[in-house]
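Worksheet for the structure shown next.
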Amino acid sequence: MKKTSKRHLPGIALKASSLAALALCAACTMIPHYDRPDGSVAGTYPTAGDAAKAMGNSTSGIPAASDIGWRNFFTDPRLQKLIELSLKNNRDLRAAAFQVDELRGQYQIQRAALMPEIDLQGTGTRQSVPPALSQSGTRYGSVYQVNFTESQWELDFWGRIRSLSQAALQTYFATAEARKATEILLVSQVADQYLTLLAYDDELKVTNDTLATATESYRLAKLQFDVGTGSELDLRQAEGVVETAKANLQTQVRLRQQAINNLVLLVGEPLPDDLPAGTTLGEQKLMTDIPAGLPSDLLTRRPDIMEAEAKLKSANANIGAARAAFFPKVTLTSNAGTISPTLGSLFKAGSGQWAFTPSISLPIFDGGANIAGLAVVNADKKIAVAQYEKAVQSAFTEVANGLAGRGTYDAQIEAQTRFTATTQRRLDLSNLRYKSGVDSYLNVLTAQNDLYQAQLSLITAQLARQTNLVDLYEALGGGWIEHTGDTPRPSDVEYSIEPAAPAAPASATTAG
C-alpha cells in the first residue's frame, strides 16, 4: 500500500501544480504598473499682497475648503435657497447624473463577460422523410429536446477581459468625478451670478441717484438760461450728463434682466416669489481665511483632477487588453439536456445528451492590426498623461490666482473707497464755488461725472473681490457638502435635501 501511494504522489502533485499554475495565470493581467505622473508644479503657491498673511496663522483651526459646507460659506439666505434649487433642477447636472448611470451600466456589461452566458432552449421538430431514406421505414418523425446552452465563454488566461473591465470601471469613476465637478462648478456659478445681480442693483441705485442730481442741475441750468443769467454751453453740458445717465440706466436695466435670465437657467426653473430676503453686495459675509494647503492637496480635493487620473488609469488598463490580444484565445462552448422522439419521454432515463467544445485560436497574421492597436492605446495613455498634468497645472493656476486676488482686493477696495469719498468732497466744493461765482459750471459737471465713475468702479471692485472668494472656494474643492462636518457622499450619489443612506457599492471616492 505504501509503494502504491508513493507511486501516485507525483501524479497528484503534478495535477495540483498544474491547477495552481492555471489559477495563477487566470488571476494575472498584462496591465502596466501604474505610477501617478508628476504634476510639474511648484511645491507652494506664489503669494501677492497680504496673501501670505492670510495663509498663515489666521487660518489655523479652519477646515480645508473641501470640508466647508456651502451653507457655511454662503450665509445669504436667498443665495442658499437658489443653490438648493439649482442642485435639484439644473439640467446640466441631471445630464451628468444620467451619464454616470450609463457608464455604470456599461461597466456592468463589460464585467459580465467574465462569466459564462447560459440559456435554456427548448425545441420540437416534426418532419417528413422519404421512405427510401428512412432507416426505420417510418415516413414521419419527431424530435423534442431541452438544452442548457453555454455560449462561447472566453477563459481569460491573459487578463484581456479583466483589463477591459478595469478600463470600463475607471471610465465610470471618471464620469462620477465629472458629475461631482459639475455640481461644485454649479454652486460657484449660481453664487457668481447672484453676486453679479446684486452689483447691478447697486449700479442702478448709483445711476438713479446720479440721474436725479443731474436732472436737478439741468433744471437749474435751463432756468438760468431762460432768464438770461446762464450760458447755453452750461445748459448743453448739463443736458449731456442727463442723457448719459439715462443711457447708462437702460444699459444696466438690460444687463440686470439678462443676469436674472442666466440665474433662472442655472436654477432650472423660474425664480420663486417667496425667496427669503437677501443681503446687499457690501453685506455679503463670505469666508476669507480658507487654508490653501499645498498644491499636492488638490490631487484629492479637485474632482476634475481625479477625473483626469481615472481616465489615465482607464487608458493604462486598455494597454493590458491590447497586450493580451497577442496571445491565444481559449473559448468553451457546451450544452446539456434531453432529447426524445416523443414529448412524454423527454425527461425519462436514457434521454440525456451533452456536448463540450473547447477551442483555441492563436493570432498568426493579422496585417499588423494587433501591433497597431497596441500603438494606439500607448498613444492614448500618453495623451491621458498630458491631460492629467494639464489638469493639475490648471488647478494650481486657479488657486494661485485666487490667492493673489485675496491678498490684493481688500487694499484696492480701501483705496477706491477713499478715492470715492475724495471725489464726493470735490463735487461738494465745486458746487459751492460755482454758486459763489468763483468757478465755472464745467468743473461741477466734471466732478459729478468723476464721482459717478468712482462709485461704479467701487462696485466693480467689490464684485470682483466677492467672486474671487467664490472662485477660490471652488478651486480648492469646496461646494460638495452642504454643512461643515457632513460626511461627504460618494461622487456617484446625487444631492438630496434629506440625508441619504450610506451607499453599498463602491464609488469613485473609494477608488484606489
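The values are calculated or read from the model by the stated rules, or taken from the named source; none is laboratory data. These numbers were taken from a predicted model, which means no experiment stands behind them. No Cβ is skipped: glycine too gets one built from the backbone with ideal geometry, and neighbour counts run over all protein chains shown.
Say whether the condition of being outside any loop (DSSP other than H, G, I, E, B) and among the aliphatic types (A, V, I, L, M) is met by at least one residue in region 342-351. No, that holds for no residue.
Scanning region 432-446 for residues that are surrounded by fewer than 21 Cβ atoms within 10 Å (Cβ to Cβ) and either in contact with a helix residue (DSSP H, G or I) (Cβ under 6 Å, 6 or more places away or on another chain) or part of a loop (DSSP other than H, G, I, E, B) (or both) yields Tyr434, Ser436, Gly437, Val438, Asp439, Ser440, Asn443.
Against the conditions (1) over 58 Å from the mean Cα position of the chain (by Cα); (2) closer than 30 Å to Leu271 by Cα, Gly228 satisfies every one except (2). Just one residue in the set Leu312, Leu281, Leu299 is in contact (Cβ under 8 Å) with a residue 12 or more places away in the chain and surrounded by fewer than 18 Cβ atoms within 10 Å (Cβ to Cβ); that residue is Leu299. Within region 214-232, the residues that satisfy the criterion of being touching a helix residue (DSSP H, G or I) at 6+ places or on another chain (Cβ under 7 Å) and in a helix (DSSP H, G or I) are Ala214, Thr215, Ser217, Tyr218, Ala221, Lys222, Phe225, Glu232.
Looking at Leu286, is it more than 24 Å from Thr484 (Cβ to Cβ), part of a loop (DSSP other than H, G, I, E, B), assigned by TED's automatic domain parsing to the domain that holds Ala191 and out of contact with any Ser or Thr (no Cβ under 6 Å at 6 or more places or on another chain)? So Leu286 does not fit the description; no.
So, of the residues in region 309-341 that are in a strand (DSSP E or B) and not polar (S, T, N, Q), which turns out to be farthest from Lys390 (Cα to Cα)? Among them, the one singled out is Ile339. Taken over region 265-278, the residue count meeting the criterion of being free of Cβ contacts under 8 Å to residues at least 40 places away in the same chain and either under 21 Å from Ser188 (Cα atoms) or touching a strand residue (DSSP E or B) at 6+ places or on another chain (Cβ under 8 Å) (or both) is 2. Using the structure shown, decide if Thr251 is over 21 Å from Leu87 (Cβ atoms) and outside any helix (DSSP H, G or I). Spelling it out, it is not the case that Thr251 is over 21 Å from Leu87 (Cβ atoms) and outside any helix (DSSP H, G or I).
Test Val253 against the criterion of being of a type in the set (A, V, I, L, M) and modelled with pLDDT of 90 or more, and give yes or no. The answer is yes for Val253. A Cβ distance below 6 Å, combined with a sequence gap of six or more or placement on separate chains, defines the contacts here; from region 406-426, residues that are in the same structural domain as Tyr452 (by TED's automatic domain parsing) and at pLDDT 95 or above reach no residue that is of a type in the set (S, T, N, Q) and not in a helix (DSSP H, G or I). Figure legend. Inter-residue proximity from region 370-384: first residues farther than 18 Å from Arg36 by Cβ, second residues in a helix (DSSP H, G or I), beta-carbon distance below 6 Å, spacing 6+ or different chains. Indicated pairs: Gly373/Ala322; Leu374/Ala322; Val377/Asn318; Val377/Ile319; Val377/Ala322.
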